[in-house]
1. Restricted to the stretch 313-330, and to residues that are surrounded by 13 or more Cβ atoms within 10 Å (Cβ to Cβ) and touching an Asp or Glu at 6+ places or on another chain (Cβ under 8 Å), which residue is nearest to G372 (Cα to Cα)?
2. Kindly provide the set of residues from the stretch 159-178 that are under 29 Å from K316 (Cα atoms), of a type outside the set (G, A, S) and in contact (Cβ under 8 Å) with a residue 24 or more places away in the chain, ordered by number.
3. Can you give me the ranges of the helices (runs of 4 or more DSSP H) entirely in the stretch 93-162 with at least 3 residues that are under 20 Å from H25 (Cα atoms)?
4. Being closer than 14 Å to T255 by Cβ, in contact with a Phe, Trp or Tyr (Cβ under 8 Å, 6 or more places away or on another chain) and part of a loop (DSSP other than H, G, I, E, B) is the filter here; which residues of the stretch 304-333 pass it?
5. If you take the residues in the stretch 338-352 that are surrounded by fewer than 16 Cβ atoms within 10 Å (Cβ to Cβ) and part of a loop (DSSP other than H, G, I, E, B), which one is farthest from the chain's Cα centre (by Cα)?
6. Report those helices (runs of 4 or more DSSP H) wholly inside the stretch 214-257 carrying at least 2 residues which are touching a strand residue (DSSP E or B) at 6+ places or on another chain (Cβ under 8 Å).
7. I need every pair where a residue in the stretch 251-267 that is in contact (Cβ under 8 Å) with a residue 24 or more places away in the chain and of a type in the set (D, E) has its Cβ under 7 Å from the Cβ of a residue that is assigned to a helix (DSSP H, G or I) and buried (at least 21 other Cβ atoms within 10 Å of the Cβ), sequence separation at least 6 or different chains.
Amino acid sequence: MTIKELEGVVDLLDDRTHHIEFNGHLTNHVKHAVVALAAIGAPERRIRDYYRTYAELTPYGFPLEPRRPSARVIDGGNWREFLGARVHFDAYLRFFDGEIAERGLAGTVAEYAPELLQGWIGAFTHAAIHLGWALWSEHTAMTAEALAYLAFSHVRTVGDNRAAGPDFDAADPLESLVRLSERWRGDTGFRTAAESTITDTDTVTELHPELNRSGLQARVAGVARSGIADLTDTPAWIHTLPPAERRDRVRRAVTLLYLAQPGDFVVLHLITSLFALEIIAETLDSPEATAAIYDLYWAGARIITAAERKFPDPDKLRELDTLYAGRESDRTAYALDEFEVAARRAWLEDEEHNPKLVFVLRAWWNAADWTGYRHAAAQFTRTPELPPSFDEPPTE
């Protein structure tokens with residue numbers, strides 16, 4: 001059963017007219033927009049208009065593309081064979097439809113998500129976002145889509161041999177970010193290792209050619225494959241912080257990273273993907289699985305931050321942390337009205353990442369009414385311009 005907020009538009013989530021991507025590797029975000037707009041109170045007419053308009057012409061200037069049938073049969077014996085090969089999405093979709101029918105939604109997620117999430121940074125985190133949005137919506141067909149997309153776009157986040165990094169003893173995620181930002185500016189070894197991959201992704205021969213066309217996704221995948229310990233180690237706080245405190249501190253650290261670079265399209269994804277992975281962890285309902293998800297999230301967040309050179313001035317992070325320290329108990333009439341204004345503004349946006357931003361940060365604010373969430377929710381982003389590589393046709 002889909003949650004109440006989506007009852008009037010659940011047929012849009014059921015729709016499988018379109019492929020999960022368009023113009024090569026660009027993600028079809030339209031169902032994310034449906035969920036977010038409904039969750040922040042947009043009227044049904046506005047949601048349906050958005051869906052129709054997005055399908056006809058996305059903010060990137062390309063329409064959605066038709067569903068792509070696949071003759072391949074994916075089953076329990078071969079489902080790992082094509083991970084990350086960017087083929088047979090429709091076959092994976094049929095497979096996960098069947099698994100959900102047999103195992104149920106939670107059982108299927110428990111069986112496949114832990115392994116599939118090893119590649120959660122693929123498709124620039126959008127497959128993981130699709131799964132989190134689907135589970136929040138309690139929508140089985142969208143959940144099957146998300147699992148299929150995770151298989152289709154899989155890019156392994158960390159390797160098997162993870163070396164201890166210099167941030168192992170950081171007290172919390174914000175201290176980890178501050179230390180990384182300091183080394184990005186001062187440690188030529190760390191930055192040189194990242195930059196050598198960022199500037200020459202063509203040397204990473206294992207990448208699918210469509211990722212090289214992307215630029216951004218190639219940089220992320222290349223940095224992940226480089227295995228830099230500064231980005232991929234497991235800091236002690238993953239296991240030593242109590243679960244609720246770990247959740248809150250990761251949320252705040254990522255929000256402060258966004259406030260340090262307000263409106264940044266890349267950092268915004270670290271907020272919406274964190275929300276998605278939190279929902280997945282709730283579905284798995286296991287302390288061990290939750291810790292593993294936070295470990296994967298933190299590695300992926302650092303990889304993305306390095307790949308896109310999004311480390312801010314460490315002093316700015318510290319000062320923002322000081323500025324927002326103790327600013328709880330924010331639930332005033334003024335604060336509620338500001339969130340309402342942000343939601344109404346988001347209804348008007350062509351860029352669907354903005355209603356998603358408001359949706360997530362309002363949910364976090366409702367759980368812990370910290371002023372930082374409210375201020376970040378008003379910092380909207382813009383659809384980025386596509387790189388020159390898009391002058392070339394898609395490779396698939």
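The values are calculated or read from the model by the stated rules, or taken from the named source; none is laboratory data. What you are looking at is a predicted structure, and each value in this text was computed from that prediction instead of being measured. Cβ placement follows ideal geometry from the backbone for every residue including glycine, while neighbour counts extend to all protein chains displayed.
1. Here the residue is D330.
2. Correct list: P166, D167, F168, D169, D172, P173, L174, L177, V178.
3. Details: elements: 105-116, 126-137, 140-153.
Filter on the stretch 93-162 gives 126-137, 140-153.
4. Those that are closer than 14 Å to T255 by Cβ, in contact with a Phe, Trp or Tyr (Cβ under 8 Å, 6 or more places away or on another chain) and part of a loop (DSSP other than H, G, I, E, B): R327, E328, D330.
5. If we filter the stretch 338-352 for residues that are surrounded by fewer than 16 Cβ atoms within 10 Å (Cβ to Cβ), which is where we start, we get 340-341, 344-345, 348, 350.
Of the ones still in play, those that are also part of a loop (DSSP other than H, G, I, E, B) are 348, 350.
On the way: L348: 23, D350: 19 Å.
Restricting to residues being surrounded by fewer than 16 Cβ atoms within 10 Å (Cβ to Cβ) and part of a loop (DSSP other than H, G, I, E, B), the top hit is L348.
6. Details: elements: 216-226, 229-232, 237-240.
Of the helices (runs of 4 or more DSSP H) lying wholly inside the stretch 214-257, those with at least 2 residues that are touching a strand residue (DSSP E or B) at 6+ places or on another chain (Cβ under 8 Å) span 216-226.
7. Every condition considered, the pairs that remain are D264/Y258.
Residues are listed down the side, and each one gets a yes or a no for (1) surrounded by fewer than 18 Cβ atoms within 10 Å (Cβ to Cβ); (2) under 23 Å from P59 (Cα atoms); (3) modelled with pLDDT under 95:
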| residue | (1), (2), (3) |
| --- | --- |
| V360 | no, yes, no |
| W365 | no, no, no |
| W370 | no, no, no |
| Y373 | no, no, no |
| P387 | yes, yes, yes |
| P393 | yes, yes, yes |
